[in-house]
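Colleague: Dumping the structure here so I can ask a few things about it.
Where a number appears in this text, it was derived from the coordinates with a stated rule and is not lab data. This one's a predicted model, so the numbers in the text were calculated from it and none came from an experiment. Positions of Cβ are backbone-derived with ideal geometry, glycine not excepted, and every protein chain shown enters the neighbour counts.
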Amino acid sequence: MLCIAALWIALLLLGGGVALDRVLNAAITRNFDAQLQYVLSAMIASAELDPVGEVRFTRPLGDQRFLEPASGLYYQVSGAGHEPFRSRSLWDRALEPRATHADEGIHIYDSDEFADQPLRVMERDVRLPGSAVTWRFQVAQDRGGLDEQIAILRRTLVRSFAILGLGLIVMSALQATFGLWPLRQVRRQIAGVRAGRIARVDTRLPIEIAPMVEELNDLLAHNERQAEEARTHAGNLAHALKTPLTVIMNEASVGGPDLGKTVFREATTMRRQVDHHLARARAVGRRGAAQSVASVWPSLQSVERAVSRLYPDGTIDLAGDRQARVHVERPDLDELLGNIIENAAKFVGGRVFVTVEGSPAQVDIVVEDDGAGIPEAERQSIFERGARLDTGKPGTGLGLAIVRDVAEIYGGSVLLEESEDLGGLLVRLRLPAAR
């Protein structure tokens, strides 16, 4: 930031300094030339021809420097076939009229014809009354004074702009240092969170970085919730496996005749618990409201094809919003829909109707069947792990329990109702919508 600020300030000051130098240089030069033009006009106004045809001034020029040799201010009037009429200050030297123009306009140029004095020359061609000769009036002045003024101006500009640039860079450095100082405090507090000295980053900070700190604290809280969920799942799984393992160990220690059946039964129970907690762990690991986006319709079509092959006697109809998208990972969405639709097809064997109802905030996936339904008093208990209404059908009794847990992880819900059209069970899976 400081390097970019310094470079930008230097470029701006350099451009401004060059522009200002040109403007002031031109102004000083114009003032210098205006004095020469005043003298040239006075020369032309007072010039006339003497009886022998030479140019003379009817009144002397007022500047005393024209009378002092090598004073730095000179004039000369020259014409073809005539001796130049020169100021006494030229002494034994003469100005060289240039033949680069032949008109009556004013011409200004710098000349180095005097080795010891660089000159600024202004000249004009004039035809005096009664003369057939075109006379060239020239006035010249030592350019040293003009160059010195320009040099003083440039030194002043360079010094002023250097001090200004240094001040601006120092100000930018102070601004960046104090402006970013709260981030050092945040860094120290993050180190404190990592070391376990504090639980959250202090929010008493400037409003410019307060949103970042709030998001950081939300991230810490999210990580804590995930860690707590992981600990809870690990505890639940350990507790769920403890009883079956105890039963197996007791049966094995006494060498009972039903050891094989006991092992099979308790292993089946443990498998159900492991499947359930693995499903929750996968959902928690993939959860991310901003990144997890899945289209509902392709997932429905995939599940419909798979379930139709397993239960060819039933029919599964799909309808509703084909563009609906939800904040759920595609594998989890497939598992949610697969459990619900497979349960409907497995226990009904008739007709299953799936409707997608989309809205800006949420998407409802409604699965209806024409079976016997579930009594209202038993609808809540069906979500318990291992609960099965029909023990004659294959399965572990974890379908709706997994559906409820995974849906809640993503901020959704599952409701059981009665289908008004088909008369059976209506399962309403509600998930957050994605745009």
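Colleague: Volume per residue, Å³, of the convex hull around the alpha-carbon atoms of the chain?
Modeller: Taking the convex hull of the Cα positions in the chain, it is 330 Å³ per residue.
Colleague: Helix by helix through the chain, keep the DSSP H runs that span 27 Å or more along the axis on Cα and average at least 0.5 on Kyte-Doolittle, and give those back in order.
Modeller: 2-46, 144-195
Colleague: Give me Leu24, Leu119, Leu310, Leu300 sorted ascending by neighbouring Cβ count inside 10 Å, so fewest comes first.
Modeller: Listing Leu24, Leu119, Leu310, Leu300 from fewest to most nearby Cβ atoms yields Leu310, Leu24, Leu119, Leu300.
Colleague: I've got another one for you. What's the center-to-center distance, using Cα atoms, between region 181-215 and region 40-78 in Å?
Modeller: 85
Colleague: 222 nm [θ] for the chain, helices only, -39500 (n - 2.57) per DSSP H run of 4+, per residue, to 500?
Modeller: Helices in the chain give a 222 nm mean residue ellipticity of -18000 deg cm²/dmol.
Colleague: If you don't mind, there's one more thing I want to ask. By count of other Cβ within 10 Å, fewest leading, how are Thr243, Thr269 ordered?
Modeller: Listed from fewest to most nearby Cβ atoms, that is Thr243, Thr269.
Colleague: Could you pull out the longest piece of the chain with no exposed loop GluC sites (Glu not before Pro) in it, calling a site exposed if DSSP puts it outside H, G, I, E, B and it has at most 16 other Cβ atoms within 10 Å?
Modeller: Values: sites that count: Glu54, Glu104, Glu208, Glu384, Glu420.
No qualifying site falls inside 209-383, the longest such stretch.
Colleague: So if I average 1/r over every pair of distinct C-alpha atoms in region 2-149 and take the inverse, what Kirkwood radius in Å does that give?
Modeller: In region 2-149 this quantity evaluates to 17.3 Å.
Colleague: Also, I was wondering about something else. Considering all alpha-carbon pairs of region 1-46, what whole percent are spaced by more than 16 angstrom?
Modeller: 60
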